[in-house]
1. Does any residue of segment 64-79 turn out to be assigned to a loop (DSSP other than H, G, I, E, B), open to solvent by less than 60 Å² (accessible area, probe 1.4 Å) and at positive phi?
2. Here are Asn30, Asn7: which of them is assigned by the TED database to the domain that holds Lys189 and surrounded by 14 or more Cβ atoms within 10 Å (Cβ to Cβ)?
3. Of Ser37, Ser103, which residue is touching a helix residue (DSSP H, G or I) at 6+ places or on another chain (Cβ under 9 Å), small (Gly, Ala, Ser), part of a helix (DSSP H, G or I) and more than 22 Å from Gly17 (Cα to Cα)?
4. Of the residues Asn186, Asn169, which is open to solvent by 60 Å² or more (accessible area, probe 1.4 Å), out of contact with any helix residue (DSSP H, G or I) (no Cβ under 7 Å at 6 or more places or on another chain) and in a helix (DSSP H, G or I)?
5. Quick one: what pairs do we get from segment 54-81, first residue of a type in the set (Asp, Glu), second part of a helix (DSSP H, G or I), C-beta under 6 Å, 6+ apart or different chains?
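The values are calculated or read from the model by the stated rules, or taken from the named source; none is laboratory data. These numbers come from a predicted model, not from an experiment. Glycine gets a Cβ as well: all are built from the backbone with ideal geometry, and neighbour counts include every protein chain shown. With ligands, DNA and RNA removed, areas are computed over all heavy atoms of the protein, side chains included. Shrake-Rupley method; radii C 1.70, N 1.55, O 1.52, S 1.80 Å.
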Amino acid sequence: MEFYAENQTSFFDLRNGDWTKNSWIRKPENLKMVHESFKKFGYGKLENLISKSESHFLIEGIYIKRNFENVMDSLQLTYNKPEIQTKYYAEFWNRRKAENNDSIVYQIIREFNSMKSDKSQRNYKNQFVNDTLFDLLKIEFNNDNLNSEKAELDFYTLKKYGFHQSAYNLLFERAEYSELELDRENLKKELSKVTEFTYPWLMDTEK
């Protein structure tokens with residue numbers, strides 16, 4: 001079995017960690033960075049990350065027995081209004097206040113809700129956008145017009161950022177790339193081998 005080097009970014013645990021125990025994502029500056037990067041990419045393109053029904057939604061293994069749109073609207077309405085908070089929303093906002101991130105969480109929720117009706121906010125430059133995260137989102141979720149040329153560009157983008165295990169997975173372990181013409185063996189030779197496996201950003205979807 002061959003393993004390849006994989007850069008560990010600051011936001012690595014978004015993909016490979018437990019969100020309920022993740023202290024990194026609770027810091028206001030990190031929430032801001034992720035939100036602005038998602039916003040530039042387009043939240044609409046990430047909708048399949050959330051599994052929704054009328055009565056519940058599931059995101060990154062976290063099950064919430066409530067309607068997603070209702071929760072988002074109610075969180076916006078109940079911020080800093082304890083007189084109208086039910087137990088669920090009071091506990092949510094009290095947790096955010098304890099983490100000192102309630103104002104940025106409110107800002108994100110308000111902007112997310114307004115984006116449903118206002119498309120003009122989506123494409124813009126912002127100092128908080130993380131270029132690495134933005135490029136990773138493009139590789140994983142912008143696959144409508146995937147061809148060999150884009151696949152090779154994706155490979156070299158992953159290699160540039162040090163995601164060699166992810167680049168290997170692109171060549172050999174991702175269904176969406178499997179039918180494309182690529183010089184896989186020669187491209188693989190450009191990747192740096194290591195002795196131990198590191199969980200990649202771009203997961204193996206073939207097994």
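1. no
2. Asn7
3. Going through Ser37, Ser103 in turn, the sole match is Ser103.
4. Working: Asn169 fails: open to solvent by 60 Å² or more (accessible area, probe 1.4 Å).
Selected residue: Asn186, the only one of Asn186, Asn169 that is open to solvent by 60 Å² or more (accessible area, probe 1.4 Å), out of contact with any helix residue (DSSP H, G or I) (no Cβ under 7 Å at 6 or more places or on another chain) and in a helix (DSSP H, G or I).
5. Glu60/Trp19
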